[in-house]
Amino acid sequence: MNQQMHSFVNPARLIPLGFAVLILIGTLLLRLPVSGAHGHSVGWLNALFTATSAVCVTGLAVLDTGTAFSLFGQVVIMVLIQIGGLGFMTFGVLFAVLLGKQIGLKQRLMIQQATNAFSTQGLVKLSLNIFLIAFVLESVAMITLALHWTPELGWKRAWYYGAFYAISSFNNAGFALRPDSLSAHVGDPVVNTVVITLFVIGGLGFIVLTDIIQKRRWRRFSLNTKLVLTASLIATVFGVVFVLVAEWSNPATLGPLSLGDKIWAALFQGVMPRSSGYNTVNIAGLMAATQFVFIILMFIGAASGSTGGGIKINTFAILILCLYSVVRGRTEIHAFQRKISFEMAFRALAVIMISFGIVCMLTILLTITEHGSSATFLAIFYESVSAFGTVGSSMGLTPNLSPAGKLIIIITMFIGRLGPLALAFALAQTRRPPKYSYPEEKVLIG
């Protein structure tokens with residue numbers, strides 16, 4: 001009985017349970033009449049959708065955050081984003097340290113599971129570093145945005161907007177207080193610079209950020225940090241250049257903009273699919289080729305242990321290195337003069353295949369539930385990948401989802417935030433070594 005109880009409460013299962021409890025609390029708070037604008041309740045399903053989107057730092061919204069929710073409701077969403085982005089276990093560490101409590105092995109295992117750390121050593125320091133990094137970056141961003149917006153919005157509203165967008169951006173949530181997201185600031189260098197910087201840094205992952213701060217030199221960085229920085233740079237350059245070239249003359253997006261605004265818009269949209277969810281141009285107006293490229297980038301996502309989602313850029317990088325080794329006829333996987341084990345390659349392949357299967361299954365379900373709407377297959381596919389990658393970008397389908405479609409997206413966001421492999425481990429029983437081995441035999445490939 002004790003062994004069964006220990007198996008049930010293992011860290012891999014407590015993490016999903018913790019997120020579920022947080023979503024439930026958020027749903028109850030957002031369902032209160034005080035959370036809705038003018039005292040009107042938003043309904044149970046909309047409250048559940050919004051709470052899930054906030055905790056899973058996705059940003060998909062069935063209701064306009066700025067008009068459907070009161071100040072209280074918006075603050076609840078902001079708090080859910082912060083806890084969901086940084087992880088409730090890191091908040092537990094902070095409170096334990098402040099109260100002088102000891103962090104036990106079980107708590108360390110949960111922190112390791114939540115942050116994707118390599119070992120249980122130094123996790124308390126890592127958790128405190130997470131808070132320090134988040135506090136400093138969000139504070140600087142809030143002050144910068146508030147000072148920039150004060151002439152336009154007045155100081156009270158500007159400071160509130162600054163705080164909301166700083167938290168939402170750093171945690172890669174993408175919640176906005178205007179229905180057009182950040183389209184009104186398409187050519188604003190201050191807003192673009194602050195928001196892009198926040199969601200790019202947040203998408204690198206706290207382990208990478210800590211490694212950069214502590215070691216400072218490229219040759220001293222870990223292989224994980226080098227892979228994340230290199231792959232992120234390649235994905236960013238590809239996305240920006242593709243948007244700039246493909247959308248240059250598109251009258252619905254970059255076409256009417258000045259040269260400077262086109263560059264800012266291309267930069268913002270090129271980085272956005274990695275997990276931010278904001279947009280400064282109409283996503284539905286993009287060319288189909290650009291939308292499909294965004295789907296690919298959203299599926300890849302940000303780095304492991306970050307506030308972003310997707311299969312993770314680390315996972316994709318390992319797969320590319322594995323393919324490169326196969327094509328070159330090598331028996332080992334190398335990167336930056338280091339060897340990557342085949343176990344890592346198998347895990348990467350498992351994550352990608354499980355994720356692809358989940359996205360395909362949910363896309364099929366959405367095409368069934370939304371068959372009566374005017375949504376195209378591409379818009380439905382885009383929505384599925386955006387929810388799974390916890391990106392929050394949409395071609396306009398989210399507000400028009402059916403009740404069944406909302407439930408499907410809710411489940412998708414939850415799975416995407418936890419990670420498919422982590423969820424599989426959480427549901428699986430304790431792994432045992434095989435009792436026997438079968439003889440090997442060859443199978444035709446290709």
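The values are calculated or read from the model by the stated rules, or taken from the named source; none is laboratory data. On a predicted model such as this, the values are computed, not experimentally measured, just so you know. Reconstructed Cβ throughout: ideal geometry from the backbone, glycine too, with neighbour counts over all protein chains shown. Please note that ligands, DNA and RNA were not included when accessible areas were found on the heavy atoms of the full protein model with its side chains. Shrake-Rupley method; radii C 1.70, N 1.55, O 1.52, S 1.80 Å.
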Can you tell me which condition T363 does not meet? The list is (1) without any contact (Cβ under 8 Å) to a residue 60 or more places away in the chain; (2) surrounded by fewer than 22 Cβ atoms within 10 Å (Cβ to Cβ); (3) closer than 13 Å to G416 by Cβ; (4) of a type outside the set (F, W, Y), and all the others hold. (3)
Of (1) closer than 27 Å to F388 by Cα; (2) of a type outside the set (S, T, Y); (3) open to solvent by 10 Å² or more (accessible area, probe 1.4 Å), G187 satisfies all except one. Which? (1)
Out of L244, L254, L286, I need the residue that is without any contact (Cβ under 8 Å) to a residue 60 or more places away in the chain, in contact with a helix residue (DSSP H, G or I) (Cβ under 6 Å, 6 or more places away or on another chain) and open to solvent by less than 20 Å² (accessible area, probe 1.4 Å). Which one? L254
Taking the condition of being over 16 Å from the mean Cα position of the chain (by Cα) and within 24 Å of F377 (Cβ to Cβ), how many residues in segment 268-307 meet it? 13
For segment 341-366, which positions are of a type outside the set (A, V, I, L, M, F, W, C) and more than 15 Å from E383 (Cα to Cα)? S341, E343, R347, G357
Checked I445, I411, I380, I354 against criteria (open to solvent by 40 Å² or more (accessible area, probe 1.4 Å) and at pLDDT 90 or above); the one match is I411
Anything in segment 383-408 that is of a type outside the set (S, T, N, Q), assigned to a helix (DSSP H, G or I) and crowded, with 20+ Cβ neighbours inside 10 Å? List them, or say none. E383, V385, A387, F388, G405, I408
Hey, G174 at pLDDT below 90, crowded, with 21+ Cβ neighbours inside 10 Å and not in a loop (DSSP other than H, G, I, E, B) or not: no
Would you be able to say whether some residue in segment 314-321 is open to solvent by less than 10 Å² (accessible area, probe 1.4 Å), aromatic (F, W, Y) and in contact (Cβ under 8 Å) with a residue 60 or more places away in the chain? no
Considering segment 35-44, residues that are loosely packed, with under 13 Cβ neighbours inside 10 Å and in contact with a helix residue (DSSP H, G or I) (Cβ under 9 Å, 6 or more places away or on another chain), and then whichever is modelled with the highest pLDDT, we arrive at W44
Is it the case that some residue within segment 221-235 is surrounded by fewer than 23 Cβ atoms within 10 Å (Cβ to Cβ), among the charged types (D, E, K, R), in a helix (DSSP H, G or I) and at pLDDT 90 or above? yes
In segment 425-440, residues that are open to solvent by 40 Å² or more (accessible area, probe 1.4 Å) and at pLDDT below 75 total 11
